[in-house]
Amino acid sequence: MQDLLNAAMAGVNLPFTLLLGLVVLYWLSVIFGAVDLSAFDFDIDAEVDVDADVDTDVDAGGMSGWFAGALHFFNFGRVPFMLIITVTVLTAWVLAILGNHYLGHYSLGYALATAIPILFIGLFAAKVVTTPFVPLFEQISKEAQPMDYIGQACELILPASFTQMGQARVQAEDDELLIYVKTAVPELQLPSGTKAIVSRAAPDGSHYLVRAYPEEDPPERSTVL
């Protein structure tokens, strides 16, 4: 154990040891709830769109497209970013420790020459390890996406007004879901059983605001049951 500690703290291995220490610190933060697992995740498609807007001379098949393709190949954007970094850094740390001990004999030249190849080997190792988890995280991401009810028709099952919280039934793909609603304007009151249109989400996200369905009676003729 002492030999491993000495090797980890050797100058040629110290950069990888520091990276591994940061990774361990991150996972401890996740365990204790200080950091979210997806805190460092990013959308590859969004990054490419931004690049295209900023520099119109670079098309999708240019450098930005190649870079996005490389990120996608290594599963960035498909599994949590830090999961890939963790496998990459851990693999690189192990290879650096073993390589510098058995082959480089703690030579600075050997360490510099192998640093980049070791990181690439770590990336390939991360791809192999994380690929089986891609379908799982894609399903989790799909389920976590908030439903977009804006503009959809709904049916009141509990009466709603500008101040009274009601409930409405909306169709979401093959399922019927219930959402909390209030009317978007003070004079509108909707009894149960009537139809409405989801107008927008409330600022605090606790419910949706609805307006009268075009085929329903005008607001002044509607009464709460």
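One line per residue, one yes/no per condition, for (1) surrounded by 14 or more Cβ atoms within 10 Å (Cβ to Cβ); (2) at pLDDT 90 or above; (3) closer than 29 Å to P80 by Cα:
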{"residue": "I118", "(1), (2), (3)": "yes, yes, yes"}
{"residue": "T183", "(1), (2), (3)": "yes, yes, no"}
{"residue": "I197", "(1), (2), (3)": "yes, yes, no"}
{"residue": "D204", "(1), (2), (3)": "no, no, yes"}
Looking at the structure I just gave you, is Y208 at pLDDT 90 or above and open to solvent by less than 80 Å² (accessible area, probe 1.4 Å)?
yes
In segment 40-47, is there at least one residue being among the β-branched types (V, I, T), closer than 20 Å to T131 by Cβ and modelled with pLDDT of 90 or more?
no
Output the number of residues of segment 154-163 satisfying the condition of being open to solvent by 50 Å² or more (accessible area, probe 1.4 Å) and farther than 12 Å from I179 by Cα.
2
Which pairs have Cβ atoms under 6 Å, sit 6 or more apart or on different chains, and link a residue in segment 87-109 that is closer than 15 Å to N6 by Cα to one that is aromatic (F, W, Y) and assigned to a helix (DSSP H, G or I)?
W93/F16; A96/F16
Kindly indicate the residue of segment 164-175 that is under 26 Å from the mean Cα position of the chain (by Cα) and open to solvent by 50 Å² or more (accessible area, probe 1.4 Å) and also nearest to V210 (Cα to Cα) among those meeting that condition.
Q171
If only one of G21, G11, G33 is assigned to a helix (DSSP H, G or I) and of a type in the set (G, A, S), which one is it?
G21
Please state which one of F120, F137, F162, F124 is touching a strand residue (DSSP E or B) at 6+ places or on another chain (Cβ under 8 Å) and in a helix (DSSP H, G or I).
F137
Checked L178, L112 against criteria (open to solvent by 80 Å² or more (accessible area, probe 1.4 Å) and modelled with pLDDT under 90); the one match is L178
Scanning segment 48-101 residue by residue, those among the polar types (S, T, N, Q) and modelled with pLDDT under 90 turn out to be T56, S64
Matching residues, segment 150-160, being within 16 Å of I197 (Cβ to Cβ) and out of contact with any Lys or Arg (no Cβ under 7 Å at 6 or more places or on another chain)
G151, Q152, L156
When you scan segment 91-109, how many residues do you find that are in a helix (DSSP H, G or I), farther than 28 Å from N75 by Cα and either open to solvent by 60 Å² or more (accessible area, probe 1.4 Å) or not polar (S, T, N, Q) (or both)?
4
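The values are calculated or read from the model by the stated rules, or taken from the named source; none is laboratory data. Quantities reported herein were computed from a predicted structural model and do not represent experimental measurements. Positions of Cβ are generated from backbone atoms using ideal geometry, with glycine treated the same way; all protein chains shown enter the neighbour counts. Surface accessibility is based on the protein's heavy atoms, side chains included, excluding ligands, DNA and RNA. Shrake-Rupley method; radii C 1.70, N 1.55, O 1.52, S 1.80 Å.
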